[in-house]
Amino acid sequence: MREDCVRDHFLDRIYGEYQTYKASVLSCPNADIFGRCYEIDVMVNFYEILAEKADRLQGHELTALLQRKNILTELYGLWLKKDDCNYREMERHVEDEIETMIREFPKEQEVDASGKQYGHNKAAQGG
């Protein structure tokens, strides 16, 4: 099979996988869809990445990928087994920003259970 035909077949295949996945998600109740937001985001990204990379893959590479049963689902399963460095980066970001927010808060002020500030600073008390 010619390389451009293999590429077209690959693109058709991942598009079909994506459409099947999308239809299965859309058939779920809204609460289930909300619970799958991360999965949906990753699957969309994998589809877009594969579609973009298809132009740069050789015929034998595309043929090897076409031997997989469900490329998107397999990639997602493998992704879940990885240590997600993005999560660690987000966690570090949150920790750093919390420290900054705490440092910026005047120590002489306190906050009651409702979130209202009180303390020595009259401006913070609203009067």
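Checking residue 69 against (1) in a helix (DSSP H, G or I); (2) of a type in the set (D, E, K, R); (3) under 23 Å from residue 13 (Cα atoms), which single condition isn't satisfied?
(1)
Within the stretch 38-55, take every residue that is under 17 Å from residue 86 (Cα atoms) and either among the acidic types (Asp, Glu) or in contact with a Pro (Cβ under 8 Å, 6 or more places away or on another chain) (or both) and give me the one that is surrounded by the most Cβ atoms within 10 Å (Cβ to Cβ).
Looking at residues that are under 17 Å from residue 86 (Cα atoms) and either among the acidic types (Asp, Glu) or in contact with a Pro (Cβ under 8 Å, 6 or more places away or on another chain) (or both), I get 39.
Is there a residue being without any contact (Cβ under 8 Å) to a residue 40 or more places away in the chain and among the acidic types (Asp, Glu) anywhere in the stretch 9-24?
Within the stretch 9-24, one or more residues are without any contact (Cβ under 8 Å) to a residue 40 or more places away in the chain and among the acidic types (Asp, Glu).
Touching a helix residue (DSSP H, G or I) at 6+ places or on another chain (Cβ under 6 Å) and open to solvent by 70 Å² or more (accessible area, probe 1.4 Å), is that true of residue 3?
In short, yes.
Has the stretch 3-26 got any residue that is part of a loop (DSSP other than H, G, I, E, B) and not hydrophobic (A, V, I, L, M, F, W, C)?
No, because not a single residue in the stretch 3-26 is part of a loop (DSSP other than H, G, I, E, B) and not hydrophobic (A, V, I, L, M, F, W, C).
For the stretch 104-124, indicate whether the set of residues that are farther than 30 Å from residue 6 by Cβ, at pLDDT below 90, part of a helix (DSSP H, G or I) and not polar (S, T, N, Q) is non-empty.
yes
Going through the stretch 72-103 one residue at a time, which ones are in a helix (DSSP H, G or I) and basic (Lys, Arg)?
88, 92, 103 - these are the residues of the stretch 72-103 that are in a helix (DSSP H, G or I) and basic (Lys, Arg).
The values are calculated or read from the model by the stated rules, or taken from the named source; none is laboratory data. Predicted, not measured: the structure shown is a model, and the values here were computed from it. Heads up, the Cβs are rebuilt from the backbone with ideal geometry, glycines too, and the neighbour counts pull from every protein chain shown. When the accessible area is computed, the model is the full protein with side chains, heavy atoms only, and any ligands, DNA or RNA have been set aside. Shrake-Rupley method; radii C 1.70, N 1.55, O 1.52, S 1.80 Å.
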